[in-house]
Every structure is written in C-alpha cells, then in structure tokens.
Amino acid sequence: MAQFRDYQPTDCAALLAIYNHAICHSSATFEESPISLSEFAARLSAIQAHYPILVLEHDGKLQGYAYGNHYKPRSAYRFCAETTIYLHQDCRGTGLGQLLYQALFTRLQAQGIEQLLAIVTRPNEQSAGFHQRLGYEQVGVMRRVGYKFNRWYDVAIYQKSLIESAS
C-alpha cells in the first residue's frame, strides 16, 4: 500500500540514493556528480522552510519524493512554484508518481500557490507525458542550455494552473 507523507530528516539518506541515481544515470537533473548527504539535507531543509516536501512510501520502502520550490525569489512570483519529482526506478510507470504529485498540488494550492512550473529536459518523453497527463502544458523551450554526458540538451518549460479560470 502506498502512503504519502511529509518529509522527515530521517528520510534523507533514502531519498539521496534516488537522487544520486538520477544524477549518474539520467539527464533529469543537470548535476553531474553525486552529492553528499549533508549537502542534500541542507537543500531539503531550505525547501521545507517554505514549501511542502512529500515522500512516497510503498511496500515499506521510500520510493520517491516531490516538492514545490521557488521558481524565482522575487516577491512577484510568490503565487508560482516550480515542482519536482524523483521516483525510484522500480516505481516508475506504476501510477504512484501521479498520486504523489496530485497530493503535492493539493498542499501547494492550500498554501496559496496558483501556478506550477516544471522544467523538463528534452528529450524525455516519459517525463513530458507524465506532466501532460497531469494537466501541464508546454509553454516554452530553451535550446541547448544543458550539457551532460557529452551532449547538449534542451529544456522545456511546462505550466499548470491550480485555479479554475486563469486570466
């Protein structure tokens, strides 16, 4: 059974294993070297001071996490958040990531967030499809902005409104 709950500092090592795997084996993040537990803990603590971080626990193991964060620190962006999700490779395609993100949307909306942004490396049809299924729309592309694994990557910007009628 899947459970979604708030991040606790004791979750950090398990979540770092998921993130460091993504660093080493995917272009989902443009970090190129695994990070330390202390660095990761500091990052999550800084995020958690302002935004929810939810973890996915399934079959007694932490299988992923999702959070909102500042898109940009300027006050005019205070109703907008960038969303991020990382799942253990065995958990992808199960539908649990969608449920985790939807739980995050509820929390962000309760916090007054109205617009969500997701930054997706291209090509990454799995992530693009995931975000589109959850109501994100591609609103832009930045070309050749990331270099990893000896190649250039584009980055697509996706947006989702949490309000009924966006104006």
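The values are calculated or read from the model by the stated rules, or taken from the named source; none is laboratory data. Every value quoted in this text rests on a predicted model; they were computed, and no experiment measured them. Note that each Cβ is placed from the backbone with ideal geometry, even for glycine, and that neighbours are counted across all protein chains shown.
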Among the residues of region 92-103 satisfying the criterion of being closer than 20 Å to R5 by Cα and assigned to a loop (DSSP other than H, G, I, E, B), which is modelled with the highest pLDDT? G95
Taking region 26-51, which residues are among the aromatic types (F, W, Y), assigned to a loop (DSSP other than H, G, I, E, B) and either over 17 Å from I119 (Cβ atoms) or more than 13 Å from the chain's Cα centre (by Cα) (or both)? F30
Of the residues in region 1-41, those that are among the small types (G, A, S) and closer than 19 Å to R92 by Cβ number 7
Please go through region 112-127 and pick out each residue that is within 23 Å of E164 (Cα to Cα) and surrounded by 14 or more Cβ atoms within 10 Å (Cβ to Cβ). I113, E114, Q115, L116, L117, A118, I119
Number of positions in region 52-91 that are more than 22 Å from T121 (Cβ to Cβ), under 17 Å from the mean Cα position of the chain (by Cα) and either assigned to a strand (DSSP E or B) or hydroxyl-bearing (S, T, Y) (or both): 4
What is the one condition in (1) among the small types (G, A, S); (2) in contact with a Leu (Cβ under 9 Å, 6 or more places away or on another chain); (3) at pLDDT below 95 that S161 does not satisfy? (3)
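For region 104-163, which fully contained strands (runs of 3 or more DSSP E) count at least 2 residues that are free of Cβ contacts under 8 Å to residues at least 12 places away in the same chain?
Where strands (runs of 3 or more DSSP E) fall fully within region 104-163 and carry at least 2 residues being free of Cβ contacts under 8 Å to residues at least 12 places away in the same chain, they are 137-148, 151-161.
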Where the second residue is part of a loop (DSSP other than H, G, I, E, B) and among the hydroxyl-bearing types (S, T, Y) and the first is without any contact (Cβ under 8 Å) to a residue 40 or more places away in the chain and surrounded by 13 or more Cβ atoms within 10 Å (Cβ to Cβ) and lies in region 57-85, which pairs have Cβ atoms under 7 Å and are six or more apart or on separate chains? N69/Y51; Y77/Y71; C80/Y71; A81/Y51; A81/Y71; E82/Y71
